[in-house]
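Have a look at the structure below, then the notes.
The values are calculated or read from the model by the stated rules, or taken from the named source; none is laboratory data. Everything numeric here is computed off the predicted structure, so don't read it as measured data. All Cβ positions, glycine included, derive from the backbone under ideal geometry; neighbour counts span all protein chains shown.
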Amino acid sequence: MNLSLCILEISVVFLGLAVLLLDLWTPPAGKRSLGYFAVAGLVLILGGSFLIEIPQTPETAFTGLFVHDGLALFFKRLFLLTAIGVLLLAREFAPRIPTGISEFYTITIFALSGMMFAASANHFVLAFVALELIAICFYILTGFLRHRTASLEAGVKYLILGALSSSFLVYGMALVYGTAGSMSLPEIAEATEATRTSPLFQLGMLLILVGLGFKIAVFPWQFWAPDVYQGAPAPITAFLAIGSKAAGFALLLRLNLSGLPMPADLLILIAAATILYGNLCALPQRNLKRLLGYSGIAHAGYLAMGLATGSQAGAEAILFYFGGYLFTAMAAFAVITIVSRETDTDDLSILYGLGKRSPLLALAMALAVVSLAGIPPLAGFFGKFLLFLAVLEQGPNFALHYLLAGVAIVGVAISIYYYFGIIRAMYWPRRTPLTSPIPTHLTLQIVIVISILGMLWLGMLPGYLVEIIDQSLNSL
Amino acid sequence: METGLEHYLIVSALLFSLGLLGVVLHRNLILMFMSLELMLNAANLTLVAFSRFNNDLDGQLLVFFIIAVAAAEVAIGLALIVALFRRRQTTSTEDIATLKL
């Protein structure tokens, strides 16, 4: 038993409890500033994570439930960075939350701890509990705006469909456990060929894919995403788009690397269908958050391409893509959080004339959509480039990969149309109902500037992150 | 007749399918929620049966966690449904269609 391996998770949970306790002694006017305390705590924990070395061979704790290795550490840093951004957005969002801003911070932190545990899960029990911790926190956060019907509806929809997907997940786990005789991923991977080809085992793995596919919102389990993205408070939409999706991919990658890959042909079909569905449905959208919801589905499709390769290059591409997606999505949602402050809608029209109203916000949004579309020289381009390389590398083994790459290129071409619509709304609007400048708080200016720098850095000098990812994956 | 593993598996598969049917067919949120609980309990039954016949306690361990998690889910779920009912005076899925294309 080695408790020190999960020191990061333990610190995050204690930070959440500390915020909850401090709330008792904080006067109502100061509660909003508890966000700074939470962010400071998370920055400290993130700094501390760099003192932890990547072990040569994976180390385990809790009799093999918890594993500490490079992959887990990479995802934990990604989650911590995401949560720091989300909490700063939440502080900006606070006046729109009628009651319980401290609880909003705390539950966000608890969701973060769930994601970190999911990154380290090496056993069905920990995987299930971590996923449920994330999901239950998000049910609350999605429905947090109790005075808005859209938020409550999104919460209820997410709850029903989320609970449905976890029943599939847990039933699949039960079948795999029964046939393989163990819940530990390395032990299941050692099962005999006869066991692994038995129908019950394969049905179990398929049901697990259903459960995880729901988390990452790939076709045909994507239908919840647009509603929930639209209804949830903007900071939570950002957290869902980056954190929750990355947690699902962390588990799928863990399954892949433990020697329990999902069938490649199925993943190729899922990835291709997801890319087409997300991009085509995004075309007619007028609501910004809903548009980003569909675009998020398309991005899950691109990421699933990396999964379909089943190769080390595919895993590296997924990690890099998430690194770029973090900065890109954070910039977009920061702009949405600020701009929707006055109008209280998320319609595309709130961006009209943003180029004149606030050049910094418009620049951030423009760079974000250019990066999302995958145009050089931004982070999104290099991530897609790595994913395409990984897919084409597998082409000689399995010709369907060429088809997948073709579909992905069509998807990218479609996406440029609706992404350009956002840029046109900001710089060449049809009408400009509002012309007043938009004041932006200093902390959010910092978030936006860091996101812009991050996008440019990963797009132009990707070598550093690629090297870190190499180190992370070589320890496995 | 001896009760074997396959009997347990068949019963739990039936329970799971019944729960799934309930979720798909019902239009009332509370009934959908009850059907979801049925699905989770079908998984529990499978786990306990496998645990018993494989002589391994891990399955029962997961069952405890599932029961705890299901309780938390119900608490959150009913709170959300009550909050929605206060706003819309309905628990039918047909009436909650603010978010649509």
*Restricting attention to the range A:120-179, which residues are surrounded by fewer than 24 Cβ atoms within 10 Å (Cβ to Cβ), small (Gly, Ala, Ser), in contact (Cβ under 8 Å) with a residue 40 or more places away in the chain and facing chain B (nearest Cβ under 8 Å)?*
A:ALA150
*Selection status of B:LEU25, more than 9 Å from chain A (Cβ to nearest Cβ) and modelled with pLDDT of 90 or more*: yes
*Check A:ASP227 against each of (1) over 21 Å from A:ILE84 (Cα atoms); (2) charged (D, E, K, R); (3) without any contact (Cβ under 8 Å) to a residue 60 or more places away in the chain and name the one condition it does not meet.*
(3)
*asked:* Quick check on the range A:165-173. Is at least one of its residues touching a Lys or Arg at 6+ places or on another chain (Cβ under 6 Å) and part of a helix (DSSP H, G or I)?
replied: no
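Please state which one of A:ALA250, A:ALA298, A:ALA234, A:ALA238 is in contact with a helix residue (DSSP H, G or I) (Cβ under 8 Å, 6 or more places away or on another chain) and within 24 Å of A:ALA413 (Cα to Cα). Outline the logic, then answer.
On the way: A:ALA250 fails: within 24 Å of A:ALA413 (Cα to Cα); A:ALA234 fails: within 24 Å of A:ALA413 (Cα to Cα); A:ALA238 fails: within 24 Å of A:ALA413 (Cα to Cα).
Selected residue: A:ALA298, the only one of A:ALA250, A:ALA298, A:ALA234, A:ALA238 that is in contact with a helix residue (DSSP H, G or I) (Cβ under 8 Å, 6 or more places away or on another chain) and within 24 Å of A:ALA413 (Cα to Cα).
Working only within the range B:50-101, note down all residues that are basic (Lys, Arg), closer than 18 Å to A:TRP224 by Cα and more than 9 Å from chain A (Cβ to nearest Cβ). Working first, answer last.
If we filter the range B:50-101 for residues that are basic (Lys, Arg), which is where we start, we get B:52, B:86-88, B:100.
Now drop any that are not closer than 18 Å to A:TRP224 by Cα, which leaves B:100.
Correct list: empty.
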_Count - residues of the range A:345-374 that are touching a Phe, Trp or Tyr at 6+ places or on another chain (Cβ under 6 Å) and surrounded by fewer than 21 Cβ atoms within 10 Å (Cβ to Cβ)_ = 1
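Output yes when any residue across the range A:83-106 is hydrophobic (A, V, I, L, M, F, W, C) and facing another protein chain (nearest Cβ under 9 Å), and no when none is.
Our first condition is that a residue be hydrophobic (A, V, I, L, M, F, W, C); within the range A:83-106, this holds for A:83-84, A:86-90, A:93-94, A:97, A:101, A:104.
Subsequent filtering for residues that are facing another protein chain (nearest Cβ under 9 Å) retains none.
Checking the range A:83-106: not a single residue is hydrophobic (A, V, I, L, M, F, W, C) and facing another protein chain (nearest Cβ under 9 Å).
Give the range A:224-245 a look and list any residue that's more than 10 Å from chain B (Cβ to nearest Cβ) and among the hydroxyl-bearing types (Ser, Thr, Tyr), or say none.
Filtering the range A:224-245 for residues more than 10 Å from chain B (Cβ to nearest Cβ) gives A:224-225, A:232-245.
Residues satisfying the conditions are A:THR237, A:SER244.
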*Which of the residues that make up the range A:425-447 are out of contact with any Ser or Thr (no Cβ under 9 Å at 6 or more places or on another chain) and under 14 Å from A:ALA364 (Cα atoms)?*
A:MET426, A:TYR427, A:GLN445, A:ILE446, A:VAL447
_Taking the conditions exactly as written (surrounded by 15 or more Cβ atoms within 10 Å (Cβ to Cβ) and over 18 Å from the mean Cα position of the chain (by Cα)), does B:PHE50 satisfy them or not?_
yes
_Single residue of the range A:230-281 satisfying the filter (in contact (Cβ under 8 Å) with a residue 40 or more places away in the chain, not in a helix (DSSP H, G or I) and not polar (S, T, N, Q)) that is farthest from A:ASP347 (Cα to Cα)_ = A:GLY259
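Check B:LEU47, B:LEU21, B:LEU36, B:LEU61 and return the single one that is under 12 Å from A:ALA174 (Cβ atoms) and in contact with a helix residue (DSSP H, G or I) (Cβ under 9 Å, 6 or more places away or on another chain). I'd like the intermediate steps shown before the answer.
Values: B:LEU21 fails: under 12 Å from A:ALA174 (Cβ atoms); B:LEU36 fails: under 12 Å from A:ALA174 (Cβ atoms); B:LEU61 fails: under 12 Å from A:ALA174 (Cβ atoms).
On inspection, the qualifying residue turns out to be B:LEU47.
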_Here is a check on your reading of the model: is A:ALA194 more than 12 Å from chain B (Cβ to nearest Cβ), over 20 Å from A:SER166 (Cα atoms) and either part of a helix (DSSP H, G or I) or among the basic types (Lys, Arg) (or both)?_
yes
_Please determine whether any residue of the range B:36-43 is facing chain A (nearest Cβ under 7 Å), closer than 20 Å to A:LEU141 by Cα and touching a Leu at 6+ places or on another chain (Cβ under 9 Å)._
no
*Look at A:GLY211 and say whether it is touching a helix residue (DSSP H, G or I) at 6+ places or on another chain (Cβ under 8 Å), farther than 21 Å from B:ILE10 by Cβ and modelled with pLDDT under 95.*
yes
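Take the range A:351-371 and flag every residue that is assigned to a loop (DSSP other than H, G, I, E, B) and of a type outside the set (Ser, Thr, Tyr).
At the first step, the residues of the range A:351-371 found to be assigned to a loop (DSSP other than H, G, I, E, B) are A:352-353, A:358.
Once the filter is applied, which keeps residues that are assigned to a loop (DSSP other than H, G, I, E, B) and of a type outside the set (Ser, Thr, Tyr), the range A:351-371 yields only A:GLY353.
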_Of the criteria (1) touching a residue at least 24 places away in the same chain (Cβ under 8 Å); (2) farther than 30 Å from A:TYR294 by Cα, which one B:THR91 fails_ = (2)
